[in-house]
Amino acid sequence: MAKRCYEDSLRVGQRGSAVNTLSLELDPRCHDERERPHPVEKLKEIQVGLRENQNTKIGTIMTKEQEVELIRCLQRNCDVFAWAPEDMPGIDPNFMNHRLLMAEGARSVMQKKRKQGEEKRRAIQEETSKLLKVGFIREVRYPEWLANVVMVRKANGKWRMCTDYTDLNKVCPKDPYPLPNIDRLVDSVSGFEFLSFMDAYSGYNQIKMHPDDEEKTAFITEGLSATK
């Protein structure tokens, strides 16, 4: 009996079919405190722009001189922050755009439309309307590739709209670049007083798709849409 239990403990469970989704939210930044890690120090909110909503948070363990210098730096460079989609000019497609590297002879796949509940349908319509309004997506007709929308419940009860690009990813070879090693990253910042990093507002939408690949990222709602 003991031998049987040991053998069972060594068996590897079957892997379920993975679904590759991509968030299409207009503003994917987390606004729910339960969904984000908390800093080890207390933060305070400061205003860096002229409008009331142009605020950010800074740490509280700096000296007074460091805090004043940081606030002045943020206020001087307020124009580099995006507070809304209209503040985000995006990257010139002539300088950079996103192209899909697809396997030769790959066959296109059009997923059948999945049924959504009434609550999900309203959330999809609302988010799609926002994306259309700011020009991040456009309507298309007769695409060769078509993916379904997947709705994921957030911790705050709202819905996150994602797209099921499983079929498209299958014909796109993975790049050979290794993922960063977390231990090496931690060692590289050891001994430094400050650690700075940058987070792009709605980063996926800042680099446009190449015109030849736009309709390959089409997804289906009540109509047909493609990312730009």
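The values are calculated or read from the model by the stated rules, or taken from the named source; none is laboratory data. The structure presented is a predicted model; accordingly, all values stated were derived computationally and were not measured. Here the Cβ positions follow ideal geometry from the backbone for every residue, glycine too, while neighbour counts run over all protein chains shown.
Those residues that are over 20 Å from residue 122 (Cβ atoms) and more than 19 Å from the chain's Cα centre (by Cα), I need them from the stretch 139-166; list them, please.
Listed by number, the residues that qualify are 140, 141, 142, 143, 144, 145, 146.
So, residue 162, is that one modelled with pLDDT of 85 or more and either in a loop (DSSP other than H, G, I, E, B) or on the phi > 0 side of the Ramachandran plot (or both) or not? Spell out how you get there, then give the answer.
Details: modelled with pLDDT of 85 or more: yes; either in a loop (DSSP other than H, G, I, E, B) or on the phi > 0 side of the Ramachandran plot (or both): no.
In short, no.
So residue 13 fits all but one of (1) under 30 Å from residue 145 (Cβ atoms); (2) at pLDDT below 80; (3) among the small types (Gly, Ala, Ser); what number is the exception?
Every listed condition holds for residue 13 apart from (1).
Among (1) crowded, with 17+ Cβ neighbours inside 10 Å; (2) modelled with pLDDT of 90 or more; (3) part of a helix (DSSP H, G or I), which single condition is residue 125 missing?
Answer for residue 125: the failing condition is (1).
Residue by residue through the stretch 74-119, note down the ones that are more than 24 Å from the chain's Cα centre (by Cα) and more than 29 Å from residue 153 (Cα to Cα).
74, 75, 76, 77, 103, 104, 105, 106, 107, 108
Note down all Cβ pairs under 7 Å where the first residue falls in the stretch 73-95 and is at pLDDT 85 or above and exposed (fewer than 14 other Cβ atoms within 10 Å of the Cβ), the second is part of a loop (DSSP other than H, G, I, E, B) and not basic (Lys, Arg), and they're at least six residues apart or on different chains.
Close Cβ pairs satisfying both conditions: none exist.
Would you call residue 188 buried (at least 17 other Cβ atoms within 10 Å of the Cβ) and under 30 Å from residue 69 (Cα atoms)?
On the way: buried (at least 17 other Cβ atoms within 10 Å of the Cβ): no; under 30 Å from residue 69 (Cα atoms): yes.
When the stated conditions are applied, residue 188 does not pass them.
Of all residues being in contact with a strand residue (DSSP E or B) (Cβ under 9 Å, 6 or more places away or on another chain) and free of Cβ contacts under 8 Å to residues at least 12 places away in the same chain in the stretch 50-72, which is nearest to residue 200 (Cα to Cα)? Just the residue, please.
The qualifying residue nearest to residue 200 (Cα to Cα) is 55.
What is the residue count in the stretch 129-160 for residues that are touching a Phe, Trp or Tyr at 6+ places or on another chain (Cβ under 9 Å), of a type in the set (Val, Ile, Thr) and closer than 25 Å to residue 212 by Cα?
2
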